[in-house]
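So the structure is just underneath, and the comments pick up after that.
None of the figures in this text is laboratory data; all of them are computed from the coordinates on show. Values in this document were obtained by computation on a predicted structure and should not be read as measured data. Counting neighbours? That spans all protein chains shown, and the Cβs are built from the backbone with ideal geometry, glycine included.
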Amino acid sequence: MKTDYDVLIIGSGASGGMAAYTLTQLGARCLMPDAGPPLDFERGRTLRPVWDLPYRGFGRPGRFPHITQASEFDAALWADEKQNPYSYPAADPYYWVRIKMIGGRTLRWGRASWRLSDYEFKGKDHDGFGENWPVSYTDLAPYYDRVEPIFKVAGRNEGFAQIPDGKFLEDNSKDSLSVERFIASAKKLGVPTTKARRSTGTLASSANLLLPDAVATGKLTIVPNAIAREIQVDPNTGLVSGVSYVDRLSRREYTVGARVLVVGASTLESTRLLLNSTSRRYPNGLANSSGVLGRYLFDQFYVKNCVECVVPEARGGKASRELMGGGGYIPRFRNLKPGEKKFLRGYAFDFGSGGTPSAKYFPLYGDALFAKLADVANTGFSLTTMGEVLPRYENFARIDPGVKDEWGIPSLHITHRYTENEHLMAQDATETAAAICGGAGFEVIAQHAQMVPPGESIHELGTCRMGADPKKSVLNRFNQAHDVKNLFVLDGSAFVSGGSQNPTLTILALSMRAGEYMAERMKKREL
């Protein structure tokens with residue numbers, strides 16, 4: 001399995017794309033086998049009207065039972081769950097949302113680009129729970145500074161320690177009157193607000209902003225439709241020697257050699273590959289001497305539209321552009337001082353003005369319902385909660401030998417449930433949101449604290465975490481496996497904790513940092 005490549009990269013999303021971008025610019029020759037087909041916008045998006053689609057836009061029943069975002073318009077993007085099954089306890093459903101296409105889930109990410117802070121990196125120091133990351137905010141700040149311009153992140157510098165400021169484009173857009181009233185009410189309750197920090201790049205995906213530049217160097221070769229089955233190791237050295245993969249279309253098996261291997265297939269897919277890579281030397285999965293590979297799975301919990309309101313002045317067709325529209329973000333503000341609440345850590349909100357409340361909130365029928373909906377058209381104001389989930393040993397993924405994908409590769413059994421800490425946090429969030437809206441003079445028409453099932457936020461993290469202690473972690477501070485020095489895992493599986501912030505910006509920063517570390521070590525022939 002000799003190879004002409006310096007680095008083999010599994011996965012083409014945020015982590016794999018940034019690794020390729022970084023390494024190729026530093027002269028490394030990279031090969032990227034990826035499970036998905038090449039990106040095809042014509043296949044992935046249709047302009048046909050809803051009534052001309054076979055399933056009226058919803059898609060063929062049964063393909064995406066756990067993907068609330070999927071529809072017939074973008075069905076080609078999402079992994080078909082009949083081809084890619086998995087299991088979970090009947091009482092605790094888990095929504096594993098995947099995209100298998102060049103570019104990965106950056107093809108559909110929300111572009112929210114928040115930095116983590118030492119409230120996350122050093123969470124144990126702050127409140128005593130869990131483990132600290134082996135890096136601090138100071139270590140990652142220079143990489144955040146370099147990643148944000150690539151993705152053209154826009155926002156405001158507010159001086160909040162819990163979401164550190166960055167070098168992004170300034171957002172000086174004017175708020176609508178309803179948003180101004182909401183912000184004033186929040187301020188009275190001691191709740192901070194800011195503009196969203198969001199990538200404004202063209203489609204802002206790995207496929208548009210990272211991979212083209214990597215290919216242009218002449219040092220990246222992408223192999224589409226290549227489903228990684230197993231990582232192979234040299235029995236004498238214990239180092240990675242290659243990867244076997246199945247061609248998605250022909251089902252033929254291939255093996256490619258690897259001098260250095262980067263795994264960035266997304267949290268659960270990466271862990272699945274490592275757990276499936278067993279040998280005499282690594283009987284419990286590759287790089288798993290700690291026994292924590294697959295453990296400490298977590299995400300962010302979501303309470304979608306936890307509070308929905310009507311702005312009364314906008315009723316009856318008075319929803320002008322000056323009054324309605326726009327939105328913002330409330331960063332974590334709970335437990336910045338330890339012990340403020342009965343729960344640990346905190347939550348954030350997205351809030352937005354405009355839109356029409358759902359008919360389900362009005363117990364009317366026929367003409368009376370139509371009249372009511374006309375009266376409240378474009379008067380809506382709503383909030384969604386994103387809360388931190390504590391990493392726990394008992395939330396885990398393991399190989400389920402009885403469940404295999406269409407290519408015969410064993411899949412995962414996923415066990416994850418929210419605990420009292422998350423439920424208390426969600427309840428506090430809903431009560432706080434309702435109080436802010438009431439103080440702004442809005443009519444609260446609905447509120448709830450029901451979290452979506454684990455996984456639906458599409459922010460699954462952990463299972464292959466970093467750490468200073470090899471007995472408690474899989475990776476070191478540079479995303480390098482403690483047990484296998486030529487193996488690096490760069491995606492969200494490396495996270496020790498996650499906060500309430502979206503993780504993609506941190507994945508990009510970690511991947512750039514690890515890529516530079518790899519290039520330096522290869523130059524010194526230490527890899």
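What is the order of Val233, Val303, fewest Cβ neighbours within 10 Å to most?
Lowest to highest Cβ neighbour count: Val233, Val303.
Quick one: helix 137-150 against the long Cα principal axis of the chain, what's the angle to the nearest 10°, folded into 0 to 90?
80
Give a quick list of GluC sites (Glu not before Pro) in segment 292-387 that DSSP marks as loop, anything other than H, G, I, E or B, with at most 15 other Cβ atoms within 10 Å.
Glu322, Glu340
Expressed as an acute angle from 0 to 90° and rounded to the nearest 10, what is the orientation of the C-alpha long axis of helix 267-276 relative to the principal long axis of the chain?
In the chain, helix 267-276 runs at an angle near 30 degrees to the longest axis.
Apply the a/c threshold of 1.5 to the C-alpha gyration tensor of segment 408-493 and tell me whether it is rounded, prolate or oblate.
Note, shape of segment 408-493 comes out prolate.
Report the antiparallel proportion of the DSSP beta bridges in the chain as a percent, rounded to a multiple of 5.
Rounded to the nearest five, the antiparallel share is 75 percent.
If you fit an axis through the alpha-carbon atoms of helix 504-523 and take the longest principal axis of the Cα set of the chain, what angle between them do you get, 0 to 90°, nearest 10?
Once rounded, the angle reads 20 degrees.
So which GluC sites (Glu not before Pro) in segment 426-527 end up in coil per DSSP with only 14 or fewer other C-beta atoms within 10 Å?
Those that pass, being in a loop and sparsely packed, are Glu526.
Using 19 Å as the cut-off for backbone N distance, which residues of segment 79-117 belong to the label zone defined by a point 7 Å from the Cα of Ala216 along Cα→Cβ?
It comes to 103, nothing else.
Just to be sure I understand the model, the point goes 7 Å from the Cα along the line to the Cβ. What's the resulting Asp400 to Lys471 distance in nm?
3.4
Project the alpha carbons of the chain onto their principal axes and report the range along each, largest first, in whole Å.
Projected onto its principal axes, the Cα set of the chain covers 75, 55, 46 Å.
Suppose R0 equals 56 Å; then what is the FRET efficiency for Ala90 and Arg525 from their Cβ-Cβ distance, rounded to the nearest 0.05?
The pair Ala90/Arg525 has a calculated efficiency of 0.60.
Greater than 32 Å separation of Cα atoms is the criterion. Which listed pairs, Lys124/Lys195; Lys342/Lys485; Lys342/Lys472, meet it?
Correct reply: Lys342/Lys485.
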